[in-house]
Amino acid sequence: MMPPLLPCAGPGRLGSIAALVGVALLGAVTVPRANAAPPASVLPAAPPAPPPKAAGERPTGDQSAIDGDPKARAEAIAKARAAVGDRDVQVTASIVVKVIHPAEARKVLIDHTKSVGGWPLLVTNQELHLAVPLAALATVVDQVAGSGIVLQKTLQRVDRTDEIVQLRAKLKSKREILARLRGLLDDADTNSTLRVEATMNQLVGEVEQLQGELNVATASVQSARVMVAFQYHQRQRISYVNSPFQWLNKLDIDRFLGDF
Amino acid sequence: MITVPRWPAWALEVLALVALAATALGCGAPVYNLDAPQGFVRYEKKKGPAFITPDGVRLRARTERNYPKADLPFWADAMERHLVARGYLLHGKRCFKTAKGLEGCTAEFVLPHAGEDWVLAETVFVLGDDLAVLEAAGPFDRYQKVSASLAKAYLSFEPAP
């Protein structure tokens with residue numbers, strides 16, 4: 001049995017300690033609902049929930065955003081940056097580019113990314129994922145596009161404001177419960193101390209998990225992601241559909257090579 | 001009693017010879033003239049123009065029925081829609097006139113094949129009741145090296161007189 005952390009208090013306080021532990025447990029196991037504030041008796045008022053997302057703020061795959069001329073691309077990326085100003089927006093640019101020497105292109109892109117304050121997240125023979133400061137996104141996208149023949153480009157914006165606000169609110173409430181429990185240990189007897197400790201251990205685990213999720217979510221909106229693929233390799237996209245025009249159904253790489 | 005007139009033996013022999021000659025001369029299927037693109041060699045024994053590069057980029061012409069009868073923009077659009085629906089990535093499209101004034105359209109598609117990115121290029125010409133289809137394919141990087149010479153060769157395309 002673990003020794004109590006602090007001297008025990010009299011048994012008269014057992015009822016109130018048990019009640020507080022019960023409240024803590026309830027808080028620990030209850031999954032807060034979206035836009036719901038924690039109980040006022042335990043927690044201070046949570047930040048107000050953000051308004052529902054408008055259609056324009058939903059995750060978007062914006063192929064045309066970085067298609068076309070550099071001016072349009074710059075405007076699209078500037079728009080993405082502007083959105084980041086008042087909302088927590090995760091910006092991801094995906095580019096499929098064909099280059100003659102992927103290894104050389106990869107090295108040049110990594111060097112350029114580092115020079116503008118970014119860093120590589122994933123480096124493989126066929127893929128390169130980069131984290132770049134939002135301000136440098138346009139230059140990195142241009143660098144990638146200029147390194148070869150661009151087959152496909154998309155710019156995606158995902159609003160993570162709600163998620164981050166909720167994570168912060170949950171974290172704050174759990175930390176306050178933890179602080180209250182810590183205060184109870186001064187006056188608790190052995191049994192109560194053990195129960196409080198068990199609850200605190202559980203809460204600490206949850207706080208750490210929430211803090212990790214918050215760190216990931218916050219980091220994802222503080223820099224943009226550039227996903228570069230050197231190969232158009234989406235095999236699952238090739239499907240067999242029938243055309244009403246018979247000769248079109250013969251247009252197929254396997255048929256062509258087989259008949260050649 | 002009804003008697004069925006019989007063909008004389010010599011007439012059957014003549015018919016057989018005519019059919020054989022027609023087959024040998026390729027009657028019923030249009031024949032095309034197409035200059036060999038730079039870097040390609042021609043398969044002399046294949047029916048219709050067929051070419052290949054040392055690293056395996058292939059080009060071949062074939063004929064399809066223009067049915068239902070439609071014009072070039074119709075077929076170019078239908079072809080693009082069909083292949084995009086299948087998941088091919090449209091990489092480029094251009095329409096042009098050959099040296100003889102024949103209008104054609106080329107669409108290049110990228111697709112995964114055998115662990116590599118390949119290009120399948122389809123060029124269509126409308127020839128009355130027929131469609132001439134020039135098909136070229138090869139791994140992306142190898143195709144890119146000869147795409148200009150292919151485009152130049154397409155300008156020489158014409159139905160054989």
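The values are calculated or read from the model by the stated rules, or taken from the named source; none is laboratory data. Given the structure is predicted, the values throughout are model-derived calculations rather than measurements. Neighbour counts run over all protein chains shown; Cβ positions are idealised from the backbone, glycine included.
For residue A:229, which of the numbered conditions (1) out of contact with any His (no Cβ under 8 Å at 6 or more places or on another chain); (2) within 14 Å of chain B (Cβ to nearest Cβ); (3) surrounded by fewer than 19 Cβ atoms within 10 Å (Cβ to Cβ) fails to hold?
(3)
Does residue B:89 fit the bill of being under 23 Å from residue A:260 (Cβ atoms) and modelled with pLDDT under 90?
yes
Name the one entry in B:129, B:141 that is within 23 Å of residue A:246 (Cα to Cα) and either more than 14 Å from the chain's Cα centre (by Cα) or β-branched (Val, Ile, Thr) (or both).
Of the residues listed, the single one that is within 23 Å of residue A:246 (Cα to Cα) and either more than 14 Å from the chain's Cα centre (by Cα) or β-branched (Val, Ile, Thr) (or both) is B:129.
Scan segment B:94-123 for residues that are under 19 Å from residue B:152 (Cα atoms) and more than 8 Å from every other protein chain (Cβ to nearest Cβ) and report the count.
Matching residues across segment B:94-123 total 19.
Please specify each residue of segment B:110-128 satisfying the condition of being more than 19 Å from residue B:47 (Cα to Cα) and touching a strand residue (DSSP E or B) at 6+ places or on another chain (Cβ under 7 Å).
Of everything in segment B:110-128, those that are more than 19 Å from residue B:47 (Cα to Cα) and touching a strand residue (DSSP E or B) at 6+ places or on another chain (Cβ under 7 Å) turn out to be B:110, B:111, B:116, B:117, B:118, B:119, B:120, B:121.
Mind listing just one residue for me: the one in segment A:148-159 that is surrounded by 18 or more Cβ atoms within 10 Å (Cβ to Cβ) and away from chain B (no Cβ under 14 Å) and, of those, farthest from residue B:87 (Cα to Cα)?
Filtering segment A:148-159 for residues that are surrounded by 18 or more Cβ atoms within 10 Å (Cβ to Cβ) and away from chain B (no Cβ under 14 Å), the one farthest from residue B:87 (Cα to Cα) comes out as A:159.
Condition first: hydrophobic (A, V, I, L, M, F, W, C), more than 40 Å from the chain's Cα centre (by Cα) and either at positive phi or not in a loop (DSSP other than H, G, I, E, B) (or both). Now tell me which residues in segment A:239-260 satisfy that.
Within segment A:239-260, A:247, A:248, A:256, A:257 meet the criteria.
Restricting to segment B:117-147, what's the tally of residues that are farther than 17 Å from residue A:148 by Cα and either surrounded by fewer than 16 Cβ atoms within 10 Å (Cβ to Cβ) or acidic (Asp, Glu) (or both)?
So the answer is 6.
So which pairs qualify, if the first residue must be in segment B:80-92 and at the interface with chain A (Cβ under 7 Å from one of its Cβ atoms) and without any contact (Cβ under 8 Å) to a residue 24 or more places away in the chain, the second must be in a helix (DSSP H, G or I) and surrounded by 18 or more Cβ atoms within 10 Å (Cβ to Cβ), the Cβ gap must be under 6 Å, and the two must be at least 6 apart or on different chains?
Partner pairs satisfying both residue conditions: B:82/A:248.
Out of segment B:58-79, which residues are closer than 25 Å to residue B:116 by Cβ and either within 11 Å of chain A (Cβ to nearest Cβ) or in contact with a Ser or Thr (Cβ under 6 Å, 6 or more places away or on another chain) (or both)?
Result: B:58, B:59, B:60, B:62, B:79.
Would you mind finding the one in B:54, B:37 that is at pLDDT 85 or above, surrounded by 18 or more Cβ atoms within 10 Å (Cβ to Cβ) and assigned to a loop (DSSP other than H, G, I, E, B)? Full working, then the answer.
On the way: B:54 fails: surrounded by 18 or more Cβ atoms within 10 Å (Cβ to Cβ).
Criteria check complete, one pass: B:37.
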